[in-house]
Amino acid sequence: MRAVRIAGPGREFLIDDEPVDILIEDGRIADIAPTGALRARGEVLDADGAWAVPGLWDNHVHTVQWALAEERAPLGSADSAAAAARLMSDVRPLSDGRRVGSGFRDALWTDLPSLEMLDAATGAVPTYLINADVHSVWLNSAALARESFRSPDGILREEDAFEISRRLNAADPAHGDRAVRSAGDRAAARGITGLVDFDMAWNADAWPRRVEAGFAAHRVEFAMYPFDLDRAISSGLQTGELHEPSDSPETGRGLIRVGSLKVITDGSLGTRTAACSHAYPGDPHNFGMLTVPSDALVELLTRATGAGLAVAVHAIGDRAITSALDAFTVSGAVGTIEHAQLVRHADLARFARLGVAASVQPQHAIDDRDLVAKHWAEQTAISYPLASLRNAGAELRFGSDAPVAELDPWQAIAAAVARTDDDRAPWHPEESLTVDQAIEASVRSTLRPGEPADIVLCGEDPRTATAPRLREMPVVATLLAGRVTHTR
């Protein structure tokens, strides 16, 4: 690879960001030297002065849900329940006879969703509206009957909502696999070389099947859930192990590895179920919910740890985060807290002390700032901390929570740096990071000899780009173990 400048971790090898050549052998960086100093061997990619950063990761993706969201009616523009119902009335049913929409945010609506309202707009066609946070769904009577659920207002929350999403995502596995392959290509076009898959399914079968069918866009670490923990243990799954149909070049590329046990311990801000210290305004008895009691969480983490599995604990509210950190302390588990959106001051240092990474989604802070102002106004913990966690020594890992936010690592990087994406002033700018810090939270390797040749070539220097330019960062090429997965 010729004439690139190093803009990410590893540039300390160079002086004054001079153009360099990167020699790649056997999928790894073999050498880095000033342009012209290395003897070209094999294929040469002329980068024409692009800026190189290590391959980017999205550390929190619901892969099938994200891939299928392209086919579902977008509801993000609905500013009321009535508007969302009207949007669904014009949606063409899918091949299985269902109407499906996703992305509504009801937490700021002035009217309430009702079964009667949705039935009047959608009639006898089974109709499903998925909240942007996926923690609630709104179904009409036909959909409730089809799924054998009951709800007086058509709203299902938490585990019932997850079950509806699982059924929709699993309706046609072959179609889902094709959607995942297409989505993987889109991710590579934005510099993605790896993601963590939190799909609520038995991913240990799904990913080898996709690799056999030709998937090769990026690396994957797949999670499992408590309902499959026994199966995972009996199958001998251990975090970090390669998990592909075989090690032969024809079917395996070393891309798929076993990830963590995912445990969801509370709800979400958007559904007003995140477990918090103070009640939600106007609802004095609602402190959210701990969906996994503390003693049960310790038991789960202890079993996972004994079986060689790391854990990823979904904890959004401050009560849930404290409970999760307590469980890490007692069990000796390793892993992450996912989201960490409302953190007590006293808990900041515990992340580093326990070696628990904070897997966070910077775009959520921007998308949810109005929700925080309304629903967390009385909370005393820190909302959506980034700098506070990092300054306390915690490791940050960035993601999108796609399809909740767009799967684009540059969106996360820009959100962390600017803390705004419109004409409003930055939201809590004291929690912003530098570009270098944001890139560090988005990668798994550095640009040094011996490291995997997972490399993103950018059309401009991220370190000097404005926030709008960061969001639109031109990706010239993406390389995965030296193999080009995207080129402009």
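The values are calculated or read from the model by the stated rules, or taken from the named source; none is laboratory data. Keep in mind that this is a model prediction, so the values were computed, not measured. Glycine also receives a Cβ, built like all others from the backbone with ideal geometry; neighbour counts cover every protein chain displayed. Please note that ligands, DNA and RNA were not included when accessible areas were found on the heavy atoms of the full protein model with its side chains. Shrake-Rupley method; radii C 1.70, N 1.55, O 1.52, S 1.80 Å.
Listed values, structure above:
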item	result
Extreme residue, most open to solvent (accessible area, probe 1.4 Å), among residues of the stretch 266-323 that are under 19 Å from E158 (Cα atoms) and of a type in the set (V, I, T)	T291
Cβ-Cβ under 6 Å pairs, at least 6 apart or on other chains, the stretch 166-187 side farther than 30 Å from S442 by Cα, far side surrounded by fewer than 21 Cβ atoms within 10 Å (Cβ to Cβ)	A171/D96
All helices (runs of 4 or more DSSP H) inside the stretch 346-462 with 2 or more residues being out of contact with any Asp or Glu (no Cβ under 6 Å at 6 or more places or on another chain), among the β-branched types (V, I, T) and modelled with pLDDT of 95 or more	409-418, 435-440
Selection status of D119, closer than 27 Å to L407 by Cβ, open to solvent by 30 Å² or more (accessible area, probe 1.4 Å) and either in a strand (DSSP E or B) or touching a residue at least 12 places away in the same chain (Cβ under 8 Å) (or both)	no
H218 open to solvent by 10 Å² or more (accessible area, probe 1.4 Å) and in contact with a Gly (Cβ under 6 Å, 6 or more places away or on another chain)	no
Only one of R28, R98 that is more than 20 Å from L407 (Cα to Cα), within 29 Å of the chain's Cα centre (by Cα) and open to solvent by 60 Å² or more (accessible area, probe 1.4 Å)	R28
Hits in the stretch 254-279 (condition: aliphatic (A, V, I, L, M) and assigned to a loop (DSSP other than H, G, I, E, B))	L255, L269, A274, A275, A279
Residue satisfying condition, being out of contact with any Phe, Trp or Tyr (no Cβ under 6 Å at 6 or more places or on another chain) and open to solvent by 10 Å² or more (accessible area, probe 1.4 Å), within set A357, A453, A381, A414	A381
Pair list, Cβ under 8 Å, 6 or more apart: the stretch 87-113 residue closer than 15 Å to I164 by Cβ and acidic (D, E), other residue crowded, with 19+ Cβ neighbours inside 10 Å and at pLDDT below 95	none
Those residues of the stretch 11-28 which are at pLDDT below 65 and in a loop (DSSP other than H, G, I, E, B), in sequence order	L14, I15, D16
Scan of the stretch 97-116 for residues that are within 27 Å of H375 (Cβ to Cβ), in a loop (DSSP other than H, G, I, E, B) and touching a strand residue (DSSP E or B) at 6+ places or on another chain (Cβ under 8 Å), ordered by number	R105, P113
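Table: residues versus (1) more than 14 Å from the chain's Cα centre (by Cα); (2) open to solvent by less than 30 Å² (accessible area, probe 1.4 Å); (3) modelled with pLDDT of 95 or more.
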residue: W57; (1), (2), (3): no, yes, yes
residue: A67; (1), (2), (3): no, yes, yes
residue: R72; (1), (2), (3): yes, yes, yes
residue: D79; (1), (2), (3): yes, no, yes
